[in-house]
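**Q** Below is the structure I would like to discuss, written out as structure tokens.
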Amino acid sequence: MRLQAFHSTRRQFLVTGTGLAASVMVRPADATTEELSAALRTYAAGAPVQAGRVKLDIAPLIDNGNSVPITIQVDSPMSQVEHVTSIVVFNEKNPQRDVVKFTLGPRAGLATVSTRIRLATTQKLVAVARMSDGSYWSDTVEVIVSIAACLENPI
């Protein structure tokens, strides 16, 4: 009788553990995508964000998300009339959607910036450049992160 109680408890444990794992792993994919889209709409103040003119350079496979080098280049003459005013990198799954913000002006010479960022996990990154004429341009990259960073500790 005691052996049967052990199997019953073990079975309940396995079922509960499997259910918890499934609930953690099976999240709506659109939830983070919608949050990312909302952050982009807010940054662009409702203006359309077009693909092109921006190149987000990042390795497609990241070994460690704690320090990830990125470079963003924008096709712009950087003249007094036409230049990049800001560049923002957004992410899909980090706790904070905007990873880094750069402010530029015509005296920058080149619309190229580099830095290192932290990435929570495998996700989509979007670099958006705001131009002096009020247009917004972007590049999107999917990256795979082997060892995650930025994860909040649920204590």
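**Q** Enumerate the calculated ³J(HN,Hα) couplings along region 103-116 in order (Karplus 6.51 cos²θ - 1.76 cosθ + 1.60, θ = phi - 60°), each rounded to whole Hz, writing x wherever the residue is Gly or Pro.
**A** Computed from phi, the couplings for region 103-116 are 10, 10, x, x, 7, 5, x, 10, 9, 10, 9, 9, 6, 10 Hz.
**Q** While we're looking at this one, here's another question. Would you mind checking which residues have amide H under 5 Å from Ser86's amide H? H placed 1.01 Å from N; only 5 or more apart, or other chain.
**A** Leu104, Arg130
**Q** Next question, about the same structure. Using a cut-off of under 15 Å, list every residue of region 130-150 whose amide N is near the label point 7 Å from the Cα of Asn66 along the Cα-to-beta-carbon line.
**A** Taking a point 7 Å out along Cα→Cβ of Asn66, the residues of region 130-150 whose backbone N falls under 15 Å are 146-150.
**Q** Still on this structure, please answer the following. Less than 9 Å Cβ to Cβ from Ile70, Lys/Arg counted +1 and Asp/Glu -1: what total charge do the surrounding residues give?
**A** Every neighbour counted, the sum reads 0.
**Q** How large is the charge dipole for region 38-155, taken about the Cα centre, if only the Cβ atoms of Lys, Arg (+1) and Asp, Glu (-1) carry charge, to the nearest 20 debye?
**A** In debye, rounded to 20, region 38-155 gives about 200.
**Q** Once the piece of chain linking Gln80 and Gln96 is laid out straight, how much longer is it, given 0.36 nm per residue of separation minus the C-alpha distance between them? Provide the component values of the computation, followed by the final result.
**A** Working: separation 16, 0.36 × 16 = 5.76 nm, distance 3.30 nm.
Net length gain for the segment: 2.5 nm.
**Q** Right, here's the next one. Scan around Glu92 for amide H atoms under 5 Å from its own, H built in the peptide plane at 1.01 Å from N, and keep only partners 5 or more places away or cross-chain.
**A** Amide H to amide H, under 5 Å and 5 or more residues apart or across chains, Glu92 pairs with Lys124.
**Q** Please list, in order along region 50-63, the HN-Hα scalar couplings obtained from phi with the Karplus expression 6.51 cos²θ - 1.76 cosθ + 1.60 (θ = phi - 60°), rounded to whole Hz, x for Gly and Pro.
**A** With the stated coefficients, region 50-63 comes to 9, 7, x, 6, 10, 10, 9, 9, 8, 5, x, 10, 9, 5 Hz.
**Q** Before I look further, what does region 34-155 give for accessible area per residue, probe 1.4 Å, in whole square angstrom?
**A** 54 Å²
The values are calculated or read from the model by the stated rules, or taken from the named source; none is laboratory data. Treat the numbers as computed from the prediction; the structure is a model and nothing was measured. With ideal geometry, Cβ positions are generated from the backbone for all residues, glycine too; neighbour counts draw on all protein chains shown. SASA here: full protein model, heavy atoms, side chains in, ligands and nucleic acids out. Shrake-Rupley method; radii C 1.70, N 1.55, O 1.52, S 1.80 Å.
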